[in-house]
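The values are calculated or read from the model by the stated rules, or taken from the named source; none is laboratory data. Computed from a prediction, not measured in an experiment: that's the story for all the values here. Here the Cβ positions follow ideal geometry from the backbone for every residue, glycine too, while neighbour counts run over all protein chains shown.
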Amino acid sequence: MSENNVRDAVTDAISYWEKKRITYNAILLTIVLTVFASRWPESRSAMSAELLQGLFLLAVMANVFYCAAYSVDVVAQYSGFRDSWRRHRWILFAVGAMFASIIARFISLDIFGQGT
């Protein structure tokens, strides 16, 4: 592997995944806010400095896990399926966003209450 090939693959991965990170975070934020609103006014009583710190920590962790896509992307670009991968890597984004959404919903329900 030449240095330029590595640089090109990493640059391509960063360019693709960082544009999607905003959408990923918006999806997760929407889920948390929807659960919060649907559990109102009980969810209001759950608010505290500790809860906000916990939510911040969870948001950081979600973004750390998001970075796992980089390693998959760069490795796939070195395979014989590079062109196909670049056309279809949105599937990895969709599956990852769905997985993160399910986790965000479960955690939000736990934090803000299951409701009736």
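Within the set of pairs 6+ apart or on separate chains, which have a first residue in the range 36-47 that is acidic (Asp, Glu), a second that is surrounded by 10 or more Cβ atoms within 10 Å (Cβ to Cβ), and C-beta atoms under 9 Å apart?
Glu42/Phe112; Glu42/Gly113; Glu42/Gly115
Scan the range 49-62 residue by residue and report those that are within 15 Å of Phe99 (Cβ to Cβ), surrounded by 13 or more Cβ atoms within 10 Å (Cβ to Cβ) and either in contact with an Asp or Glu (Cβ under 8 Å, 6 or more places away or on another chain) or not small (Gly, Ala, Ser) (or both).
Leu58
The rows are residues; the columns are (1) assigned to a helix (DSSP H, G or I); (2) of a type outside the set (D, E, K, R); (3) within 15 Å of Arg89 (Cβ to Cβ).
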| site | (1), (2), (3) |
| --- | --- |
| Val6 | yes, yes, no |
| Ala13 | yes, yes, yes |
| Lys20 | yes, no, yes |
| Glu50 | yes, no, no |
| Gln53 | yes, yes, no |
| Leu58 | yes, yes, no |
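So in the range 55-87, with the set limited to residues that are within 19 Å of the chain's Cα centre (by Cα) and of a type in the set (Ser, Thr, Tyr), which one is nearest to Phe112 (Cα to Cα)?
Tyr66
Of the residues that sit in the range 75-87 and are in contact (Cβ under 8 Å) with a residue 60 or more places away in the chain and surrounded by fewer than 16 Cβ atoms within 10 Å (Cβ to Cβ), which one is nearest to Thr23 (Cα to Cα)? Talk me through it step by step, then tell me what you get.
Residues of the range 75-87 in contact (Cβ under 8 Å) with a residue 60 or more places away in the chain: 77-78, 86.
Within this subset, residues satisfying the condition of being surrounded by fewer than 16 Cβ atoms within 10 Å (Cβ to Cβ) are 78, 86.
Values: Tyr78: 26, Arg86: 19 Å.
Only one residue tops the list, namely Arg86.
Here are Trp40, Trp17, Trp90: which of them is within 19 Å of the chain's Cα centre (by Cα) and loosely packed, with under 13 Cβ neighbours inside 10 Å?
One residue alone meets the criteria, Trp90.
Taking into account only those residues within the range 93-107 that are over 25 Å from Arg39 (Cβ atoms) and either modelled with pLDDT under 90 or hydrophobic (A, V, I, L, M, F, W, C) (or both), which is surrounded by the most Cβ atoms within 10 Å (Cβ to Cβ)?
Phe93
Let me spell it out: the conditions are (1) over 19 Å from Phe93 (Cα atoms); (2) surrounded by fewer than 12 Cβ atoms within 10 Å (Cβ to Cβ), and Thr34 meets all of them except one. Which number is the exception?
It is condition (2) that Thr34 fails.
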